[in-house]
Ligand SMILES: Nc1ncnc2c1ncn2[C@@H]1O[C@H](COP(=O)(O)OP(=O)(O)O)[C@@H](O)[C@H]1O
Ligand SMILES: [Mg+2]
């Protein structure tokens, strides 16, 4: 017999209790990892190359105030600007749906590849999209969700404009950070009863990263004293302003995590206390046989640590396997696109488990340290 | 008596404070036990027998007085030194057997050896010898619940003697046993003192059990009777 097998035998003495303890650690850590991963996904700014070269121009007063269409020519003349596309949120509800389930944007199809180069779509679909003013392209996630294919019609009722439109799918794209959106001709929006002469935003493609600061600066200056002052910023900065809104959710997720960890501490600590209390007399016997405090501590710590570690391996492992191999977009109906279990999140969860193992062994260790052999021998089984 | 003294107790007292009252468990007890002696410690319940045994075995400390075992003043050892000392010098046998229920007979006997340098074959030989001495070699893979009370106590004796300690202490080891098993256990203890030269202290209130010893002393209200 080795010390390790002695510890294992002790830990498995009450198999059901050990199992329940391991499972509660596993489930809690799975939840913890899931929450952290979801939080990261939600607050992650886009980091693709395209985003680094895109500038978003919106009304300085508020994002819901439109910009005059004539600004386009002014922006196009600024050195370093490669392309400018209108970009208006349509806010349409699909068919008879109660609420919006994916976003639609009106833009300039000719500039699609220039500005949103990361979208992957067959050549003929690009051409078909450009050619037909009533055409649209749809992200693969949404297309899959509604089982839509090229040629299908998409009826949309706007919540922002007094109009309904019907678009024909010319292409289905993928490869962007968010393959959910629908894009269609801004011209069509204007004609169908949008507000001609006005756009919600400009999306600007800049030639190089080095020119970004100068270009944004120049755009801001160009309309500085006009009736529609603008705010130009990088796409990343633009996204981050949305992220800030997620702050509250972040706090909420963190509080849930704290509660989960706290509950977990109680569960493991009480499991260990129970397990050791039942063995008080045996530990006294071990002391009589010559085992020192530090050896008994090591036994208790190893047992507690072992249970927590096993739970951690199961919980974190399940999360990792699930999120790495399953299609999260499908599972969450497109609410989340990818769930990446980063080493940092794994590390955090493992740290929680390790602390758990240590904390749970504290009270029993102290009790065992205080116990005299004589007193321990008197305790009944 | 030519054998050197193994246990020397001088003016040893143990007093428990319970609020206002002092409970005197041992009252200035002096006693010398020589090597190879089989001492039976008798007395009514609550007379201090276990307390005396615990002090000699180094699991309890006297309130005052001396306790030297094989020339070592136990007072001078700290907790961890005392633990080491117990591992090397004392074999314990308890009334309630106190085997670890999840370990086999063999593993229970092996337990004190996990603390020693003994490894591999040497360790196996030692455990098997101890089990053979108590006549349970064929039960080595049985769990305590698969053994009778008498067999459990014999495994406990094997565990006590596996480190080959000079001193064996047994606190009412036959208290939970039928007379045949009690006889077996006492015979083993007697053999250990006679042929292995071990010093044995047996606490009992059964005169028949005490008769296995070479000498009997009586305690009453914490005092030694002559
Ligand atoms: N922890 C304690 N606190 C108070 N009194 C104790 C304690 N342990 C033992 N005693 C008292 O010391 C006396 C001797 O106890 P013990 O040595 O166990 O007697 P015996 O083994 O002869 O039955 C008893 O009166 C007992 O009540
Ligand atoms: Mg007693």
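The values are calculated or read from the model by the stated rules, or taken from the named source; none is laboratory data. Every value quoted in this text rests on a predicted model; they were computed, and no experiment measured them. As a convention, Cβ positions derive from the backbone with ideal geometry for all residues, glycine included, and neighbour counts pool all protein chains shown.
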(request) Mind listing just one residue for me: the one in region B:9-25 that is part of a strand (DSSP E or B) and over 13 Å from residue B:62 (Cβ atoms) and, of those, nearest to the chain's Cα centre (by Cα)? (result) B:23
(request) State all residues of region B:95-129 that are facing chain A (nearest Cβ under 7 Å) and part of a loop (DSSP other than H, G, I, E, B); if no residue qualifies, say none. (result) B:98, B:100, B:102, B:103
(request) Report, by residue number, each residue of region B:69-88 that is within 10 Å of chain A (Cβ to nearest Cβ), crowded, with 19+ Cβ neighbours inside 10 Å and either in contact (Cβ under 8 Å) with a residue 60 or more places away in the chain or assigned to a strand (DSSP E or B) (or both). (result) B:87
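Take the residues of region A:269-307 that are assigned to a loop (DSSP other than H, G, I, E, B) and within 15 Å of residue B:80 (Cα to Cα): which is nearest to the other protein chains (Cβ to nearest Cβ)? Break it down stepwise before answering.
Taking region A:269-307 and keeping what is assigned to a loop (DSSP other than H, G, I, E, B), we get A:278-279, A:289-292.
Narrowing further to those that are within 15 Å of residue B:80 (Cα to Cα): A:289-292.
Numbers: A:289: 5, A:290: 2, A:291: 7, A:292: 4 Å.
The qualifying residue nearest to the other protein chains (Cβ to nearest Cβ) is A:290.
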(request) Sort out for me the helices (runs of 4 or more DSSP H) sitting completely within region A:1-112 that have 1 or more residues that are within 14 Å of chain B (Cβ to nearest Cβ), at pLDDT 90 or above and under 34 Å from the mean Cα position of the chain (by Cα). (result) A:15-43
(request) Pull up region B:191-213, narrow it to residues that are more than 16 Å from ligand 2 (Cβ to nearest atom) and within 16 Å of residue B:180 (Cα to Cα), then point me to the one that is surrounded by the most Cβ atoms within 10 Å (Cβ to Cβ). (result) B:212
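Give the residue that is farthest from residue B:82 (Cα to Cα), with candidates limited to residues of region B:59-68 that are in contact (Cβ under 8 Å) with a residue 40 or more places away in the chain and within 13 Å of chain A (Cβ to nearest Cβ). Show your work before the answer.
We begin by selecting, within region B:59-68, every residue in contact (Cβ under 8 Å) with a residue 40 or more places away in the chain; these are B:60, B:62-68.
Next, from what is left, pick out any that are within 13 Å of chain A (Cβ to nearest Cβ): B:60, B:62.
Numbers: B:60: 10, B:62: 14 Å.
Restricting to residues being in contact (Cβ under 8 Å) with a residue 40 or more places away in the chain and within 13 Å of chain A (Cβ to nearest Cβ), the top hit is B:62.
Conditions (1) away from ligand 1 (no atom under 16 Å from the Cβ); (2) modelled with pLDDT of 95 or more, marked per residue:
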site: B:182; (1), (2): yes, yes
site: B:185; (1), (2): yes, yes
site: B:189; (1), (2): yes, yes
site: B:196; (1), (2): yes, no
site: B:199; (1), (2): yes, yes
site: B:205; (1), (2): no, no
site: B:212; (1), (2): yes, yes
site: B:217; (1), (2): no, yes
site: B:224; (1), (2): no, no
(request) Taking the residues in region A:120-141 that are buried (at least 21 other Cβ atoms within 10 Å of the Cβ) and out of contact with any helix residue (DSSP H, G or I) (no Cβ under 6 Å at 6 or more places or on another chain) as candidates, determine which candidate is farthest from residue A:194 (Cα to Cα). (result) A:139
(request) Confirm whether residue A:351 is farther than 30 Å from residue A:143 by Cα, assigned by TED's automatic domain parsing to the domain that holds residue A:34 and surrounded by fewer than 16 Cβ atoms within 10 Å (Cβ to Cβ). (result) yes
(message) For region B:26-45: of the residues being within 15 Å of ligand 2 (Cβ to nearest atom) and assigned to a loop (DSSP other than H, G, I, E, B), which is surrounded by the fewest Cβ atoms within 10 Å (Cβ to Cβ)?
(response) B:45
(request) Under 9 Å between Cβ atoms, at least 6 apart or on separate chains: pull out the pairs that start in region B:42-58 with a residue that is within 10 Å of chain A (Cβ to nearest Cβ) and within 17 Å of residue A:373 (Cβ to Cβ) and end on any residue that is in a loop (DSSP other than H, G, I, E, B) and within 9 Å of ligand 2 (Cβ to nearest atom). (result) B:50/B:172
(message) Please verify whether residue B:89 is in contact with a strand residue (DSSP E or B) (Cβ under 6 Å, 6 or more places away or on another chain) and closer than 27 Å to residue B:50 by Cβ, treating the condition exactly as stated.
(response) yes
(message) Which count do you get for residues in region B:12-23 that are surrounded by fewer than 21 Cβ atoms within 10 Å (Cβ to Cβ) and at pLDDT 95 or above?
(response) 2
(request) Output the residues belonging to region A:172-204 that are crowded, with 20+ Cβ neighbours inside 10 Å and closer than 16 Å to residue A:71 by Cβ. (result) A:186, A:199, A:200, A:201, A:202, A:203, A:204
(request) Give region B:89-100 a look and list any residue that's buried (at least 21 other Cβ atoms within 10 Å of the Cβ) and within 15 Å of ligand 2 (Cβ to nearest atom), or say none. (result) B:92, B:93, B:94, B:98
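Please go through region B:46-67 and give me each residue that is more than 8 Å from ligand 1 (Cβ to nearest atom) and either under 19 Å from residue A:289 (Cα atoms) or part of a loop (DSSP other than H, G, I, E, B) (or both), ordered by number.
Of the residues in region B:46-67, the ones more than 8 Å from ligand 1 (Cβ to nearest atom) are B:55-67.
Within region B:46-67, B:55, B:56, B:57, B:58, B:59, B:60, B:61, B:62, B:63 qualify.
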